[in-house]
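Here's the structure we're looking at; comments come further down.
The values are calculated or read from the model by the stated rules, or taken from the named source; none is laboratory data. A quick note: this is a predicted structure, and the numbers were derived from the prediction, not measured. Don't worry about glycine lacking a Cβ; one is built from the backbone with ideal geometry, like all the others, and counts go over all protein chains shown.
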């Protein structure tokens with residue numbers, strides 16, 4: 001199995017972990033959930049899927065941009081690619097949520113949504129949502145994309161440099177920003193968001209990407225140990241007795257998930273590496289392709305599924321675990337369908353359009 005297939009599997013597992021976390025949380029709202037013996041399983045560690053995503057993003061940005069470093073116009077090309085990849089599905093779901101909000105606001109848990117909040121949501125500008133004070137856009141799950149876009153902008157600023165220098169410059173910029181955020185406490189809302197220590201997790205992924213591109217590989221036993229330590233670190237994180245925010249999050253979740261990523265991509269190939277991946281591995285790789293859809297679609301899918309579940313009358317008699325299992329089982333083909341029919345073709349069309357605009361047009365010499 002190739003390392004990039006393994007990376008896709010990691011992306012799938014990260015997305016599924018977050019979806020499972022939210023499905024479990026929603027199952028608690030089912031009448032008689034506790035009476036039916038429902039308890040959250042491994043709930044808090046599942047949230048580390050976000051941290052794994054951020055580490056993977058740092059790796060992938062370096063890997064995918066390896067030919068752009070030190071080239072003219074690299075920043076614009078990079079940002080164009082990322083916008084084409086991130087924006088279409090996110091904007092579509094935001095518009096869908098706004099349509100539901102206007103047509104049937106009682107179906108959503110959102111408070112009053114203002115026009116400035118809508119504009120900031122579309123532009124990836126963090127703000128404190130009215131009513132909750134949380135730094136969440138209209139489509140609440142988009143808070144992670146606000147961090148992603150911040151990282152993309154910082155990354156693009158230094159693409160004119162050679163790769164090593166660019167990685168160092170991005171890392172120093174993010175570290176300095178985080179330190180400034182700690183010094184300025186309490187910092188204004190958007191500045192506090194942009195300087196949150198969770199941004200350090202992108203650095204972990206970049207450093208692993210730099211090691212990968214430089215040909216660094218480690219013995220398989222060492223990688224297995226590192227991966228197991230990473231999984232154990234995530235698993236025991238709730239028992240440390242400290243809140244997982246501020247500097248504690250990149251320590252308790254960022255470092256373990258980086259170990260998992262490093263163990264996946266920096267391992268020396270074994271005897272099975274040359275073999276074709278099995279069907280299950282290929283299926284998980286396909287889920288990795290659709291991981292962005294899984295991640296973004298699942299909040300609306302959960303809401304729709306619970307409405308159907310409540311109408312069915314099953315909630316009062318059947319274990320909420322059936323609700324969780326059925327919801328996850330339906331989410332997977334739905335996400336693959338959205339990826340294949342919307343996300344993939346729209347992204348390809350947008351990137352093709354940007355590539356055509358970049359190409360120099362032939363000059364016409366007058367006769």
* Only residues that are surrounded by fewer than 16 Cβ atoms within 10 Å (Cβ to Cβ) and in contact (Cβ under 8 Å) with a residue 12 or more places away in the chain: list them for the stretch 129-139, please. => 130, 131, 132
* Residues being farther than 18 Å from residue 36 by Cα, in contact (Cβ under 8 Å) with a residue 12 or more places away in the chain and surrounded by fewer than 20 Cβ atoms within 10 Å (Cβ to Cβ) - total across the stretch 303-331 -> 4
* **Odd one out for residue 276 among (1) touching a strand residue (DSSP E or B) at 6+ places or on another chain (Cβ under 9 Å); (2) part of a loop (DSSP other than H, G, I, E, B)** => (1)
* Asked: In the stretch 310-329, which residues are at pLDDT below 90 and assigned to a helix (DSSP H, G or I)?
  -> 310, 311, 312, 314, 315, 316
* **Single unsatisfied condition, residue 60 versus (1) surrounded by fewer than 18 Cβ atoms within 10 Å (Cβ to Cβ); (2) in contact with a helix residue (DSSP H, G or I) (Cβ under 6 Å, 6 or more places away or on another chain); (3) closer than 25 Å to residue 342 by Cα** => (2)
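Results for (1) farther than 28 Å from residue 236 by Cα; (2) surrounded by fewer than 16 Cβ atoms within 10 Å (Cβ to Cβ); (3) under 24 Å from the mean Cα position of the chain (by Cα), shown as yes or no for each residue.
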{"position": "32", "(1), (2), (3)": "yes, yes, no"}
{"position": "43", "(1), (2), (3)": "no, yes, yes"}
{"position": "50", "(1), (2), (3)": "no, no, yes"}
{"position": "70", "(1), (2), (3)": "yes, yes, no"}
{"position": "74", "(1), (2), (3)": "yes, no, yes"}
{"position": "90", "(1), (2), (3)": "yes, no, yes"}
* Structure fact -> Restricting attention to the stretch 335-350, the residues that are touching a helix residue (DSSP H, G or I) at 6+ places or on another chain (Cβ under 6 Å) and either within 23 Å of residue 40 (Cβ to Cβ) or surrounded by 17 or more Cβ atoms within 10 Å (Cβ to Cβ) (or both) number exactly 6
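For every residue, the table says whether it meets (1) modelled with pLDDT under 95; (2) within 29 Å of residue 148 (Cα to Cα); (3) assigned to a helix (DSSP H, G or I).
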site	(1), (2), (3)
287	yes, yes, yes
296	no, yes, yes
304	yes, yes, yes
308	yes, no, yes
331	no, yes, yes
